[in-house]
Each structure stands twice: as structure tokens, then as C-alpha cells.
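Accompanying notes for the structure given below.
No value in this document is a laboratory result; all are computed from the given coordinates. Given the structure is predicted, the values throughout are model-derived calculations rather than measurements. Here the Cβ positions follow ideal geometry from the backbone for every residue, glycine too, while neighbour counts run over all protein chains shown.
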Amino acid sequence: MSAQKFRTCPATGLKIYSSAETLIQINAVTAIVFLLVGGLTAIGLLLTRWQAVHLLDDVLFYRALTLHGIAMLVAWIVFFEMAILYFASAVLLNCRLATPFIGWLQYILMLVGAGLTAVMIILGQADVMFTSYVPLQAAHWYYLGIILFAVGAILGCCVFFGTIGLAKHEKTYEGSMPLVTYGAMCAAIIAILTLATGALTFIPTWLWAAGLIPMMDAELYRLMFWGFGHSTQQINVCAMVACWYLLGTLTVGAVPVNEKVSRAAFALYVLFILIASEHHVLVDPGLSAAHKTWNTGYFMHLAVLASMIHAYSCPAATEVALRKKGYTKGLFEWLKKAPWGDPGFSSLWISMFGFGWIGGITGVIYGTEQLNIIVHNTLRIPGHFHATVVVGTTLAFMGITWYVLPLIFRREVIFPGLARIQPYLFGVSMCVFSVAMIMAGVSGVSRRSWDMNGMDGPFQVDFGPMTDLFLAIMGVAGILAILGGALYVLLAVGTLLIGKKIEG
Ligand code: HEM
Ligand SMILES: [Cu+2]
């Protein structure tokens with residue numbers, strides 16, 4: 001295994017081993033295929049929640065909602081994260097991949113798992129939505145798919161840790177571990193803890209669905225599920241912030257203003273994220289009011305603090321780098337003269353803006369015990385998390401792609417003019433979509449509801465013309481965002497197929 005093949009990257013001088021390169025490629029491509037599936041289902045959801053259109057019938061709506069959640073939040077994001085882990089370990093540390101065989105096992109298990117889960121949803125055997133709250137029950141194959149996927153992801157993390165150890169042992173890099181790798185390592189540590197919680201949740205549920213366990217406790221399930229479901233979002237945040245630092249370096253040569261502080265912030269995520277999961281059960285009777293207030297009024301903010309630190313440190317790093325290039329006139333020349341035409345740079349900034357100003361602020365407010373009862377299960381919640389996982393994480397991953405294509409796939413991006421507008425089309429319309437969704441939620445429209453007016457119930461609810469307007473804005477902005485997503489898929493896949501090969 002020590003005789004792995006490598007090439008030397010002409011741009012960075014890093015050694016890139018073929019096994020790592022192939023695994024990065026297939027994980028990234030598979031991620032994009034699932035993004036496409038998620039985007040197709042988004043059309044149906046969007047045009048149904050836009051009440052004036054109300055496209056799908058109730059059964060299809062909930063089926064599409066389930067598939068959308070799984071394809072996007074689970075498959076697209078985690079496959080892409082696997083690519084990031086291999087990149088942050090083998091490529092950035094200049095090292096061969098530890099046990100490429102297990103890397104392949106990671107890929108196959110995750111592919112079989114995600115495929116099985118998706119097929120079960122499409123066949124109508126799992127209309128349980130992404131949270132699969134018991135006593136809703138799916139066919140046991142659905143849970144098995146999720147378990148296989150999670151085991152695959154754990155193996156991916158193991159290969160990552162193995163490679164870091166190998167790099168240390170073989171001294172393939174100098175000094176301390178690069179910040180991006182450190183951030184990815186924090187993501188992988190959280191991933192191991194999270195996936196263990198996921199196993200505790202889904203293995204009994206699977207046995208229950210197979211008829212081997214007589215009952216599952218609904219409240220315990222919810223607590224356990226969110227130990228997994230919320231912490232998973234922190235893997236995404238860690239991976240996203242690691243991408244922010246990487247994009248800062250790739251686009252303008254930024255280096256962290258104070259690397260120790262950034263590292264400490266990553267560590268805060270690892271330490272405090274699991275307890276922050278409890279904001280998902282604030283309206284449930286299980287925990288005491290005092291416990292909830294302490295948790296969400298105080299402890300939650302230790303994890304929030306980490307994001308606040310990165311929210312200063314990332315933009316500051318790009319500012320310092322641009323000022324060093326001589327853009328020092330006034331307070332904002334650096335911002336005006338920044339490379340806004342570089343899709344990596346614009347993705348970085350729109351991602352930071354949407355994640356912090358829309359997703360972060362609403363998240364802190366909605367996660368507070370006293371306010372949660374008002375926002376719970378309204379459209380404010382999907383409005384909030386589309387700002388975090390879509391404008392934040394998804395756009396950051398899209399931004400990285402414009403650099404991965406030439407560096408790892410060795411292809412020139414086709415239609416660079418279109419790539420330049422993609423972050424604006426996708427990111428800005430997704431920001432508008434999220435805010436409009438939040439505003440519809442402010443007027444009380446429920447989330448995950450096919451029948452928001454209670455048409456089939458004894459009392460009909462009319463939300464009035466302002467709500468109709470917000471839903472229409474959500475609809476139009478959502479369509480533009482889907483076009484932006486489609487443009488990304490077309491450009492990325494097109495580049496792989498017909499992009500000019502970069503030699504040498
Ligand atoms: C292309 C743009 C997108 C549009 C227009 C869109 C639209 C929607 C809509 C209308 C809903 C239903 C909300 C409800 O009725 O409660 C929804 C749910 C959801 N979306 Fe998206 N979405 C998009 C992209 C994404 C991405 C990229 C992710 C994840 C990375 C994502 C994750 C989710 C999740 C987790 C749900 C909740 C599923 C559930 O409640 O079980 N979406 N989306
Ligand atoms: Cu959460």
C-alpha cells in the first residue's frame with residue numbers, strides 16, 4: 001500500500017495521491033446527483049406551499065418533502081463532506097490516504113444506504129419525513145438504509161483520522177496542522193459522536209419497524225433523534241467554516257488574523273454542541289422548564305459564541321489580505337475592489353452573510369425557551385434553516401467546487417461568465433426566499449402543512465393578503481434559486497464531461 005501513485009500539483013506544489021483523488025471525485029459527483037434529486041423535489045414543494053398554485057396532492061407533497069429532506073440535508077451534504085475530509089487530510093497534508101480500501105467501503109455503504117432509503121421513499125413505503133418521528137413508521141428497509149449510510153460515514157471519518165496520523169508519522173507537513181484540516185477534524189469528531197447517537201436512535205427504530213421490539217417511546221425518540229439531527233448540523237457548520245477559511249486563502253490569499261482564537265472557536269463547537277440539541281424539544285413535556293431555560297438561555301450561547309468568533313475572524317482575514325494588496329483608501333476600498341467576479345469569493349461572502357445575518361440571528365431567537373412556543377412548527381423554522389444549510393453550507397460547498405474542478409478534476413470550468421453569476425442567482429434569491437418564508441411564518445402559517453387554510457377541517461383560516469404576498473415572493477424567489485442550483489449542476493457536470501483538460 002505504500003506504493004500509491006501520486007502527481008504533483010503544478011499550482012500548489014502539493015502531492016496528490018490517486019486514491020485520494022478518485023475518492024474525492026466520486027463522492028463529490030454523487031453529492032451533486034443527490035442535489036439534483038433534492039432540487040427536483042423542491043419544485044413540487046415550493047409550488048405546493050405557494051398556496052395560490054398548490055400543485056401537488058397531499059400524498060405526493062409529503063413524499064416529496066421526505067425525499068427532499070433526505071436527498072439534501074443527508075445525502076448531498078454528507079457525500080460532499082466526505083470529499084472535503086479526504087481533501088483536508090490527504091491533499092492538504094501532502095500525504096497518501098490511509099487504507100484506501102476502507103475509503104471505498106465508505107463510499108459503497110453510503111451509496112447503498114442512501115439509494116435504499118430514497119427508493120423506499122419513492123415507492124411510498126416511508127412517508128415519515130426526514131425526522132421519522134415515532135409512532136410514524138416506515139418500512140424497515142428505510143431505517144436500514146440510514147444505518148448503512150451512517151456506518152459508511154463513520155468509516156470515512158476513520159480514514160480521515162488514519163491519514164492525519166500517517167501524515168504526522170511520516171512528517172509530510174511542517175509546523176502545526178493547517179487550520180482547514182483542524183476545522184475538518186473538529187467536524188469529524190462531532191460526526192463520530194453524532195453518528196453514535198444516530199445508531200442509538202435508528203437501530204432500535206429499525207428493530208421496531210421489523211416487528212422485533214413491541215414499542216418505541218415517542219418522547220425519548222425525539223430527544224435522541226435531535227441529539228443526532230441537531231449535532232449533524234454542527235458538522236455542517238464546522239465543514240462550512242473550514243471551507244470559508246479555505247476560500248479566503250484560495251481567492252485572496254487570506255490567513256487567519258489570530259489562528260489560536262479560530263482554533264479555540266472550533267473547539268467550542270465540539271464541546272457544547274450536543275447540549276444545544278435540546279432546543280428541538282422545548283415545547284415537549286419531557287424536560288423541566290428550569291432545565292430548558294438554563295440550557296437555551298445560557299449554555300446554548302457557548303456554541304453560538306464559536307460562530308460569532310468565526311463571523312468576525314473570516315471577514316477580517318479577507319480584509320487584511322486585501323489591504324495588503326494596497327486597497328487601503330478609506331474604510332471600504334478593500335470591499336469595493338474585492339474580486340466580486342470570482343465565484344469562489346462571492347459565494348464566500350454571500351454564504352457568510354446569509355448564514356450569520358439571516359440564519360444565525362433567527363436561530364438564536366427561535367432557540368430561546370420563552371420564544372420557541374410562538375415559532376414552533378411555523379414556516380419561520382424552514383425559513384431559518386434554509387438560510388443556514390442552503391445559503392450557508394450549500395453555497396460554501398458550491399464555491400469550493402469552482403476550485404476543486406481545476407485542482408482535482410483538472411478541467412477548466414466551462415462558461416466562466418455563467419459561473420460568475422451563479423452565486424448571485426442562487427445565493428441572493430435563496431436569501432429572499434428564506435426571509436419571505438420567515439415572514440409567512442410570522443403570520444402563523446404552519447410548516448410541513450399541505451392544508452394551511454384548514455380546507456378539510458371544521459374551521460377555515462384565512463391569513464389575509466400580506467401572507468399571500470409573502471408566499472408569492474417565496475415562490476418566485478424559490479424558482480430563481482432552483483434555477484441557480486440547476487445552473488450549478490449543469491456547469492459542474494458539464495465541466496466534468498466537456499471542460500478543457502488541464503495538462504501537466
Ligand atoms: C433549491 C432551493 C430550495 C428550495 C426552493 C427549497 C424549498 C423547500 C420547501 C418549500 C420546503 C417545505 C417547507 C414546509 O412545508 O415545511 C423545504 C423543506 C426542507 N428543505 Fe428545502 N429547498 C431548497 C433547497 C434545500 C437544500 C439545499 C437543503 C439542504 C441542504 C434543504 C433542506 C430542507 C429540509 C431539511 C426541509 C424540511 C423537510 C421536512 O420538514 O421534513 N432545502 N424546502
Ligand atoms: Cu437544531
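General remarks:
- P(r), alpha carbons of the range 228-363 - 5 Å bins starting at zero, rounded %: 2, 10, 18, 20, 17, 12, 8, 6, 4, 2, 1, 0
- Cα convex hull of the range 432-504, projected area averaged across orientations, nm²: 7.3
- The tail of the calculated P(r) for the range 375-487, taken as Cα-Cα distances beyond 21 Å, holds 46 percent of the pairs.
- Once the convex hull of all Cα atoms in the range 56-193 is built, its volume per residue stands at 99 Å³.
- Listed pairs LYS15/LYS337; LYS5/LYS260; LYS337/LYS501; LYS5/LYS501 exceeding 29 Å between Cα atoms: LYS15/LYS337; LYS5/LYS260; LYS337/LYS501
- Whole-number D in µm²/s for the range 64-118 (Stokes-Einstein; Kirkwood sum over Cα pairs; 20 °C, 1.002 mPa s): 173
- Shown for ARG323, ARG63: other C-beta atoms within 10 Å of each C-beta, ranked fewest to most, produce the order ARG323, ARG63.
- Put simply, the convex hull of the Cα atoms in the chain casts, on average, a shadow of 24.4 nm².
- Theoretical ellipticity at 222 nm over the chain - DSSP helices of four or more residues, -39500 (n - 2.57) apiece, nearest 500: -21500 deg cm²/dmol
- With K and R counted +1 and D and E -1, the other residues having a Cβ less than 14 Å from that of GLY297 yield a net charge of -1.
- Rounded to 10°, Cα long-axis angle of helix 77-86 versus longest principal axis of the chain: 20
- Largest-first principal axis extents, alpha carbons of the range 137-237, Å: 56, 21, 15
- Of the GluC sites (Glu not before Pro) in the range 134-237, those whose Cβ has at most 10 other Cβ within 10 Å and which sit in DSSP loop: GLU174
- Counting charges near GLY227 (Lys, Arg +1; Asp, Glu -1) among other residues having Cβ under 15 Å from its Cβ returns a value of -3.
- Over the range 285-397, relative contact order from alpha-carbon pairs under 8 Å, at least 6 apart, %: 30
- Dipole axis of the chain (+1 Lys, Arg; -1 Asp, Glu on Cβ), positive-most option in ILE374, TYR245, ALA440: TYR245
- Nearest-ten-degree value, helix 100-122 long axis tilted from longest Cα axis of the chain: 30
- Average 1/r across all pairs of distinct alpha carbons in the range 275-424, invert it, and you get the Kirkwood radius: 17.7 Å.
- Note on the range 186-243: the C-alpha convex hull projects to 4.0 nm² when averaged across all orientations.
- The range 192-299, relative contact order in percent, only Cα pairs under 8 angstrom and at least six apart counted: 27
- Mean-position separation - Cα centroids, the range 381-397 and the range 307-328, in angstrom: 23
- Basic side chains Lys and Arg get +1 at the Cβ, acidic Asp and Glu get -1 at the Cβ, and with that the dipole of the range 263-390 about its Cα centre reaches some 620 debye.
- Scaling the Cα radius of gyration of the range 8-91 by the globular reference 2.2 N^0.38 Å produces a ratio of 1.52.
- Local net charge near GLU170, Cβ-Cβ under 15 Å (Lys/Arg +1, Asp/Glu -1): +3
- Computed over the range 99-196, relative contact order equals 34 percent, with contacts defined as Cα pairs under 8 Å that lie 6+ residues apart.
- Sorted by Cβ neighbour density within 10 Å, fewest at the top, the residues PHE61, PHE415, PHE101, PHE355: PHE101, PHE415, PHE61, PHE355
- Relative protection proxy for 73-82, 202-211, 311-320, from highest mean packing down: 73-82, 311-320, 202-211 (other beta-carbon atoms within 10 angstrom).
- Relative to the dominant Cα principal axis of the chain, helix 300-324 is inclined by about 40°.
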